Amino acid sequence: MTIDVLSIGAFPEATNAELANRFAITRHFHRPTPDALGAELKRRIRAIATEANRGADRALIAALPKLEVIAIFGVGTDFVDLAAARERNVPVTNTPGILTDEVADLAIGLVLGLGGIGRAIADRGAALRMRVIYSGPRRKPDAPYEYVADPVELARRSDYLMVACKGGPETRHLVSAAVIDALGPNGTLINVARGSVVDEPALIKALAEGRLGHAALDVFESEPSPSPELLKLPNVIVQPHHGSATVETRTAIGRLMIDNLSAHFAGRPLLTPVR
């Protein structure tokens with residue numbers, strides 16, 4: 001039986017080829033509105049394969065009556081309406097672990113949360129004889145670094161503040177104006193997480209006024225178009241959100257995304273479900 005899958009985003013050629021080999025694919029580079037999909041197609045689609053920064057919103061999920069699974073190409077879930085998926089009993093998968101080393105290497109390259117990527121960054125920093133401290137919602141029992149619960153205090157004690165946490169409402173503007181001021185004129189903010197985690201207007205103002213020394217950013221609050229005011233500043237390094245963009249890593253991400261889809265339709269347990 002042919003299985004119709006809505007593909008959203010730009011995947012590696014190997015991923016596109018394998019998707020087309022296993023499923024009937026309808027491709028959209030940007031997340032489509034329900035009106036952009038024909039009525040017959042909406043009735044046929046049983047899965048969404050989507051880049052993490054494209055996601056699937058409530059309107060799209062609601063418009064697909066036969067939707068069974070959403071597979072994310074990447075780790076972030078903040079552009080997928082998880083509540084809408086849960087209401088429909090639609091499982092969501094992502095691809096954790098694969099991009100950890102690539103993103104950590106970029107973060108160290110920008111020179112300088114302790115999740116998977118954050119821990120890899122910290123280990124690299126320690127190898128460079130940096131003194132590593134970290135913050136997060138809770139202490140990591142296996143982390144050999146000092147835990148600082150308050151982000152403002154963490155920033156006050158840091159020369160480089162590395163942001164590597166998940167996005168979404170619970171971390172929106174976690175790096176606030178107060179955190180930025182605590183980092184200070186000799187400090188550097190590095191963000192490889194999500195643009196929403198940093199209060200970008202406060203960041204721009206602090207950089208322009210010299211209250212923050214430097215920033216190195218792979219993500220932006222207004223992606224895919226960074227603020228023009230940010231790009232004018234001489235004390236900012238910007239990257240086009242490509243921390244995981246090696247051919248090998250993106251191909252591996254695509255393989256896991258497809259394997260999750262195949263597991264679902266074969267009646268096997270999902271490899272990496274979002275909890």
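The values are calculated or read from the model by the stated rules, or taken from the named source; none is laboratory data. From a predicted model like this one, the values you see are computed outputs, not experimental measurements. All Cβ positions, glycine included, derive from the backbone under ideal geometry; neighbour counts span all protein chains shown. These area figures cover heavy atoms from the full protein model, side chains too; ligands, DNA and RNA do not enter into them. Shrake-Rupley method; radii C 1.70, N 1.55, O 1.52, S 1.80 Å.
Data for the structure
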| item | result |
| --- | --- |
| Accessible area, probe 1.4 Å, largest first, for residues Tyr145, Tyr160, Tyr134 | Tyr160, Tyr145, Tyr134 |
| Exposure of Ser158 as accessible area (Å², to 10), given a probe of 1.4 Å and all protein chains | 20 Å² |
| Burial ranking of peptide ranges 82-89, 259-266 (average Cβ count within 10 Å, highest at the top) | 259-266, 82-89 |
